[in-house]
Amino acid sequence: MCSPIEHRPSKNILGLRWIICSLLFFSVGINYVDRNAISILKIPLSHELGWTLSNYGHVIASFQLAYAFGYLLGGRFMDVIGVRVGFPLIVLAWSLASAAHGLCVFIPVDSKIGINLGAWSFTVPGTVLGFIAARVALGLAEGGNFPAAIKIVAEWFPIKERALATGLFNAGTNFGAIFCLTSLPYLYKWLSWPTIFYLTGVLGILWVVAWIILYKPPEHHPWITLQELNYVLSGRSSEDPKPTRVSWLSLLKYRPVWAAIITGCLAGPVWNIYQFFLPDFLKRQFDISLEQNGWLNGLFYLIASFGGVWAGWLAGQLMKRNYSLNAARKLTLLTCALAITPLFLAPVAPSPLLATIICGIAGSAHQGWSANTYTFISDTMPRSVVGAIVGLSGFTAYFSGAIMSEAIPLVVERTGSYFPVFLWGSMMYLVSLGILHILVPHIQPQKLNNH
């Protein structure tokens, strides 16, 4: 029997790894359509369903908390079952969950449900609990997307291209968000909000069909050229790529794992400001229309879309110029952190356009930060546990994000301003980079010690 390197069929596709990367791009894009639909529809939903900002915060926090556990379990799920089968399963699941938001239309608007937890009791609209149920299902399923994508990048790309590939697929977040935020305000004029949620579910089902047709591991893909296969495999380490059962507790012995967890906890939740609260910030601060809000949010994501690709390219160029992996990653992270620092100026900007540009530059730098911190994990740890570590890091990021989603409405309602929120976000990246450098002075591959 011929090895996959010795024999290739006559029908080949040049640059097949980039087609695989485009699948990741669209999966992330659909992911962000499904999760961001509620952020722009929050304004009309609040009027139709009688929600307060705190009610909305409960809905968002439920998604973040579920996403934290989905991220944690999704990484393990991908390590054990593999991405070829596991990835389309979770995309199908979150697509059905996204469509399920529309079913909340059958809950009476005036229904109220009291929750009593001893010293802590409150009453929420029934529609809020319905949305919470749908968001929990969405978060649990969507949590496996990024762990799967990181594993696929490690499988299909050599080290010097991983940050660029990660930046490219991560730009799908901006593509999905721009499409969602600019189109939904106009769709809302013609369609009901339940119908909009049903349509978001259809997108994921179409993606699953494309995945089944196009995806196989590089060693067994019938369309890959021999040259590209050898190039992909040349960038791998010699460790066994088969899934390895390693407990999460045992992973905590490694300093890169702690660096990923802490930076995820501190810097990761800042993206929540843009993703879920930017439309509300612009409405409160500048009293703009839903259509204007959608276009400004689209502009934010357009600006943000360049950061992941640029920072991935920068890290690769530094390595080509003989910078060490350690220096290239950390210089790129420092550049991103410094670009985010002026974020605190957004609430005092004189116009919605300038406020959006300030947020867009910070969001772009966040994307570059994310591309390089995700790749930091595959730089330092064996591929067999990358999914689990990305899951741990994502868990802490989204768990702390759930806390922030509850805290942000309280801060805004009590102070009447988003300024404390933006000030907090502007500081987290430099703090995170300092901690990462202390924990991992030199970025280099680690080997698992099972004894």
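Enter the angle in degrees (range 0 to 90, nearest 10) between the Cα long axis of helix 193-214 and the first principal axis of the Cα atoms of the chain, meaning the one along which they spread out most. It works out to around 10 degrees.
Working note: Karplus 6.51/-1.76/1.60 with θ = phi - 60° gives segment 141-149 the couplings 6, 5, x, x, 4, 5, x, 5, 5 Hz, where Gly and Pro are set to x. Taking the convex hull of the alpha carbon positions in segment 77-170 and averaging its projected area over all directions gives 9.0 nm².
Estimated from helices alone, the mean residue ellipticity of the chain at 222 nm is -24500 deg cm²/dmol (sum of -39500 (n - 2.57) over DSSP H runs with n ≥ 4, per residue). Of the options (1) 1.17; (2) 0.97; (3) 0.95, only one is Rg/Rh (Cα atoms, Kirkwood Rh) as computed from these coordinates, and that is (2). Residue separation of F106 and E413 scaled by 0.36 nm, minus their Cα-Cα distance, works out to 107.5 nm of gained length. If R0 is 35 Å, what FRET efficiency do you get for S54 and W223 from their C-beta distance, rounded to 0.05? E between S54 and W223, to the nearest 0.05, is 0.10.
For segment 344-356, backbone phi angles converted through the Karplus equation (6.51, -1.76, 1.60; θ = phi - 60°) give residue-by-residue couplings of 5, 7, 4, x, 9, 5, x, 9, x, 5, 5, 4, 5 Hz, Gly and Pro being listed as x. Please give the helix 16-49 orientation as an angle from the longest Cα principal axis of the chain, in degrees from 0 to 90, rounded to the nearest 10. The two axes meet at around 10 degrees. Close amide H partners of I113, meaning residues 5 or more places away or on another chain with modelled amide H under 5 Å apart, are V124, G126. Excluding the site residues themselves, the longest part of the chain lacking any trypsin sites (Lys or Arg not before Pro) in a DSSP loop with at most 11 other Cβ atoms within 10 Å is 12-244. Once R0 is set to 30 Å, what does the formula 1/(1 + (r/R0)^6) return for the Cβ-Cβ distance between S183 and A133, expressed as a FRET efficiency to the nearest 0.05? That gives a FRET efficiency of 0.70.
For segment 64-103, backbone nitrogen atoms closer than 18 Å to the point 7 Å from T195 Cα along Cα-to-C-beta are found at 99-103. For segment 362-426, the C-alpha radius of gyration sits at 1.45 times the compact-globule guess of 2.2 N^0.38 Å, with N the residue count. Could you state the angle between the C-alpha long axis of helix 255-267 and the longest principal axis of the C-alpha atoms of the chain, as a value from 0 to 90 degrees rounded to the nearest 10? Helix 255-267 sits at roughly 30 degrees to that axis.
Extending 7 Å from the Cα toward the beta-carbon at both H437 and N326 defines two label points whose distance is 1.3 nm.
Report the relative contact order of the chain, percent, no decimals, based on alpha-carbon pairs under 8 angstrom and at least 6 residues apart. This gives 27 percent for the chain. Once the C-beta distance of R255 and L214 is scaled by a Förster radius of 35 Å, the resulting FRET efficiency is 0.40 to the nearest 0.05. Note that segment 76-88 has calculated 3J(HN,Hα) couplings of 5, 4, 5, 5, 8, 8, x, 6, 4, 9, x, 4, x Hz, one per residue in order, obtained from phi through the Karplus relation 6.51 cos²θ - 1.76 cosθ + 1.60 (θ = phi - 60°); glycine and proline are x. Sorting L229, L343 by the number of Cβ atoms found within 10 Å of their own Cβ, with the fewest placed first, yields L229, L343.
None of the figures in this text is laboratory data; all of them are computed from the coordinates on show. Remember, it's a predicted structure, so these values are computed and weren't measured experimentally. Quick reminder, even Gly has a Cβ in these numbers, built from the backbone with ideal geometry, and neighbours come from all protein chains shown.
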